[in-house]
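> Have a look at this one.
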Amino acid sequence: MTTQAIASPQRRDLIKALAGLSGLALLAPQATARAPVARIRFREDPFAAGIASGSPSPDGFVLWTRLFGDELVEAGPVPVRWEVFEEGGERRMIARGEAWAEPELGHAVHVEVAGLTPDRWYGYRFMVGGTVSASGRARTSPAPGAAVDRLRLALASCQRWESGHYAAYRHMHADSPDLVVFVGDYIYERAGASAGPDEPRHHDLPEARTLASYRARYALYKSDPTLQAMHAACPWLVTWDDHELENNNGGSWSVTDTHDFAARRAASYQAYYEHMPLRADVMLKGVRGLLAGVGGLHIHRYHDHGRLARLYLLDNRQYRDRPLCGREPTAAEAKVCLREEPASRRSMLGREQEQWLEGALRESRGAGTAWNLIAQQTRFTPVNYAQGLGVAAGTDGWDGYPGARQTLIDALLASEARNPVILGGDIHRNWVEQVHKDPYAIDSPVVAAEYCGTSITSTVRGASQEADAKARRANPHCLLVNSLKRGYGLMDLSPQKLVMSLRVVDDAAQVNSGVDTLATFVTEAGRPGVRPLV
């Protein structure tokens, strides 16, 4: 299989976009008056940000890289060759082609490979200017409706650079997951100067506000060799939270009164696309819209793994209604917050996404899907159970949107979707909980399990065993609360059960930290909820 770069729909879309933005006539790729790309030879490794795969389908996946080098400053589009090959000693070539690394997209490359065999591992690599990238591994999904007996997922989130090293990824790599599910806070936007003097790592970058500064932040994070190795090891499914843009943002509004927030959001969205293995159809208005700062990214979707599992990636940032004001809103918060009843049906997902999720859950029942895994950004069940609905509620999470939480629970029940499990991150703690029909009544039926994972590095201010014990006592739906350890979740899924191992590193401040299993839990098919695995 050979891909012609000039025939690529994404390439044509970009050329049209650039023509429209610049007022120039539409030019074919060969006619652009830019530096001759064939002469580029890189003094340093142009693949310094690594390689990645993602968005797997039964016949393919997305391959990603981004080129770096001083030689690109005056360069136009750069042709990058790619290869997909069988794993093993002979490395028999299966597919190859050429993609364009466009300067307007930061010389990022997204290749949507198709025509492959379902449920199979492949190797891949890139080549440019005489340099060959490291090899990575990608995997196609099983065929639709296929009977599948196992799947191993790693659940990760919140990898603030300054808070520690990425030892968790080294151990995750050794655990050999089939997929990594990343649920947000891939980068943190704040200035390096905001880090404390005793933090393990530092950088001198300013707060990310522009496209250039968001690109620089991703370049910093992706320079870490352990993160690169994990990206190369298997496909990733990704969604964002707030720090990819700005702390506690709501997609269309800011609670910190950022100057020209719309421009900042557009820059962050473009940088996110440039650095993630995403398909072109996430761009609501194509490349033209992305470059013009309109349209946004449509990142909520689901991925089927045969009949074994449907994994939903939600977006609870971009479409949410404005938050409640809380007790003492700041001046900036007061400009956007609402003074309504806590139980008001304000949405976290937006009505369109809620309807999409409701339909996909109903459809999963007819498709015979065994497990419905709902990956979203944060803790779903209450942390204010003892106080009650709307009392002492955080305004940014589901406790601040209890009507939206009930809407999702009602959708799970109405759809009769089999074996729902909610996955989350954001809070830098391991929380394992039962999801009840009424979140504030533990005598109501259990309808789902929740596994909210700890962070890769990001820490909790004031964390202690005493605080964890107090939180668990106050929230009787919780089986485990731990704020002291960093790490990831390792999920082993079969038609009969889901086993979640909470993997925690000894000390995220140490590059070579060891790892241990904090606890292991099981959710059995046909039995909603979770129990410790003895």
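The values are calculated or read from the model by the stated rules, or taken from the named source; none is laboratory data. Not measured: the values here are computed from a predicted model. Heads up, the Cβs are rebuilt from the backbone with ideal geometry, glycines too, and the neighbour counts pull from every protein chain shown. Each accessible area value is taken on the protein alone, full model and side chains, heavy atoms only, with ligands, DNA and RNA left out. Shrake-Rupley method; radii C 1.70, N 1.55, O 1.52, S 1.80 Å.
> So how do 79-89, 177-187 stack up, highest first, on mean other-Cβ count within 10 Å?
Ranked from most to least packed, the peptides come out as 177-187, 79-89.
> If you average the sequence gap of Cα pairs under 8 Å that are 6 or more apart and divide by the length of the chain, what percent do you get for the contact order?
14 percent
> Putting +1 on Lys and Arg Cβ atoms and -1 on Asp and Glu Cβ atoms, find which of 124, 398, 475 reaches farthest to the positive end of the dipole of the chain.
Final value for the positive-end residue is 124.
> What does the highest-first list of 319-326, 279-286 look like by mean Cβ count within 10 Å?
319-326, 279-286
> To the nearest 20 debye, what is the magnitude of the charge dipole of the range 88-212 about its Cα centre, counting +1 on the Cβ of each Lys and Arg and -1 on the Cβ of each Asp and Glu?
580 debye
> Using a 1.4 Å probe over the heavy atoms of the protein chains, calculate the carbon and sulfur portion of the accessible area of the chain as a whole percent.
In the chain, the share of accessible area belonging to carbon and sulfur is 50 percent.
> Placing +1 on the Cβ of each Lys and Arg and -1 on the Cβ of each Asp and Glu in the range 288-364, which of 297, 325, 343 has its Cα farthest towards the positive end of the resulting dipole?
Most positive-ward Cα: 297.
> Using a basic spin-label model with each label point 7 Å from the Cα along Cα→Cβ, how many nm lie between residue 150 and residue 74?
Here the answer is 5.6 nm between the modelled labels.
> Given +1 on the Cβ of Lys and Arg, -1 on the Cβ of Asp and Glu, and no further charges, what dipole in debye does the range 410-534 carry about its Cα centre, rounded to the nearest 20?
It comes to approximately 140 debye.
> Equivalent-ellipsoid semi-axes (√(5λ), Cα gyration tensor) for the chain, whole Å, largest first?
Three semi-axes, in Å: 37, 27, 23.
> Here's a follow-up. Could you give the nm distance between label points at residue 256 and residue 365, where each point is 7 Å from its Cα heading toward the beta carbon?
Rounded to a tenth, the inter-label distance reads 4.4 nm.
> While we're on this one: Charges only on Cβ, +1 for Lys and Arg, -1 for Asp and Glu: so what's the dipole of the range 120-171 about the Cα centre, in debye to the nearest 20?
Roughly 140 debye, rounded to the nearest 20.
> Further, regarding this structure: May I ask you to derive the FRET efficiency for residue 443 and residue 90 from their Cβ-Cβ distance with R0 = 60 Å, giving the value to the nearest 0.05?
E(calc), rounded to 0.05, equals 0.45.
> Something else: Could you give the distance between the Cα centres of the range 463-534 and the range 59-108, to the whole Å?
Result: 38 Å between the Cα centres.
> Counting only heavy atoms of the protein chains, get the accessible area per residue of the range 171-306 (1.4 Å probe) and round it to a whole Å² value.
33 Å²
> Give, as ranges by residue number, the residues of the range 425-458 whose backbone N falls under 12 Å from the point 7 Å along Cα→Cβ of residue 413.
Backbone N within reach: 436-441, 444-448.
> On to the next question. May I ask you to list the lysines whose Cα is less than 29 Å away from that of residue 470, ignoring any residue fewer than eight positions away on the same chain?
Cα-Cα hits under 29 Å: 437, 485.
> What FRET efficiency would be calculated for the residue pair residue 534, residue 325, taking the C-beta separation as r and a Förster radius of 41 Å, to the nearest 0.05?
After rounding to 0.05, the efficiency reads 0.35.
> Along the charge dipole of the chain, which of 230, 135, 459 sits closest to the positive end, that is, farthest toward it, with unit charges on the beta carbon of Lys, Arg, Asp and Glu (+1, +1, -1, -1)?
Of 230, 135, 459, it is 135.
> OK, next. Please list 459-471, 93-105 highest first by mean number of surrounding beta-carbon atoms within 10 Å per residue.
93-105, 459-471
> Largest first and in whole Å, give the semi-axes of the range 304-382's equivalent ellipsoid, each being the square root of 5 times a Cα gyration tensor eigenvalue.
Output for the range 304-382: semi-axes of 33, 12, 10 Å.
> To the nearest 0.05, how large is the calculated FRET efficiency for residue 281 and residue 120 if R₀ is 22 Å and r is the Cβ-Cβ distance?
Result of the calculation: an efficiency of 0.40.
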